[in-house]
Each structure stands twice: as structure tokens, then as C-alpha cells.
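Inspection log for the structure reproduced underneath, given as C-alpha cells.
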Amino acid sequence: MKNEVGLKLISMELGVSITTVSRALRDCSDISESMKAKVREKAVELKYTPNVLARSLVTGKSNFICVVVDSMKSPFFSVIVDELSVKLKNRGYNVCLLPVSNRFLERNNVKEAASIGAAAIISFLAPHKDAVEYAILLDKPLLIFGRGCEEQMVNKIYTDDIRGGEIAA
């Protein structure tokens, strides 16, 4: 169900412009404290929730992090994705899960993440070189999680299971 409460409704209820409502909700200094209080009170009363997609179109910035996975069947990866989502949410990011059937992160996966406005990409797949180059071209930070990666231009978090097994033995 679409949220029908937007800036326009709040502005109509208060008899002020949409710009005033928007600037009051963003705590801009050119809006009086009394107007900010009225706008916030009306927003709460009407159960207004911001539209993060609309905001990203206006600002050109997104708070979406795209997480690319090949399977959620693995208990390890599903637990990591769940925990990662919680941590990112606590830092003000929204997580978009992009399941793919590939064995590697490919250029078209980076393109798809960029097309939905991802600010950054976290991949549970090792990347092909062209995927890394495309992410750099688009200025999309890329983090490879849980996979080794030969590319020097990529941030990565992984464990060396072979070395870990040797140490444990």
C-alpha cells in the first residue's frame, strides 16, 4: 500500500509551501524553530514517513547499500547478511539484497546495483576484473566479503580457510 502522507499533504494542512515543510523537516536554519515544531508535530500526527527514493533523486545521493549474494541457503552467509543489515541500518543505510545465479560478480551485476541507486556494493562473490573496473568507473565503492580476490583495487574481508585449518591442526 502506498503511503499517502507526503510533504504536499502536510503543507496543505498547515497552509505553507512544500518547500517550507521540506526545509523544516531537514532542520534548515532559515526556518523558525516554531515552524519546525509545527511541521514535526503535523508529520507525527499524520504518520508521515520520508520517501528515501524520492530524496535520493533530489540530492543525487543514496543511502542504499546493495548486497550481492549467490545463495541464502548457506547458514554462514545468511547470518552474516542478517547481521550486516542490522549494522548498516543502525548507521542510517538501507540494504538492498541482489540475488544472482552467477558464480562471480559480473559487470552487469554492478550495473544493476547502480541502476537502483546503490551508493556502494557489498558482494559475497569474487569479482571479474571488468566488474571491478566498472565499479571504479561509476565511483561505486566495492567490498568483497568472504571471498579471496586478486584485484588490488578492491576492499575485501575474508578468511584464509586453508591457513586457518593448518593453524588449527
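The values are calculated or read from the model by the stated rules, or taken from the named source; none is laboratory data. Computed from a predicted model, the values in this text were never measured in an experiment. We work out accessible area using only protein heavy atoms, side chains counted, and drop any ligands, DNA or RNA first. Shrake-Rupley method; radii C 1.70, N 1.55, O 1.52, S 1.80 Å.
Numbers for the structure displayed
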| read-out | value |
| --- | --- |
| Equivalent ellipsoid semi-axes, segment 74-127, via Cα gyration tensor eigenvalues times 5, rooted, Å | 19, 16, 7 |
| Under-5 Å amide H pairs with Val95, H placed in peptide plane, nonlocal only | Ile65 |
| Cα extents of segment 1-145 along the three principal axes, largest first (Å) | 55, 33, 26 |
| Per residue accessible area of segment 89-150, 1.4 Å probe, in Å² | 55 Å² |
| Above-threshold pairs, the threshold being 31 Å between Cα atoms, out of Lys38/Lys87; Lys47/Lys89; Lys73/Lys140; Lys8/Lys89; Lys38/Lys89 | Lys38/Lys87 |
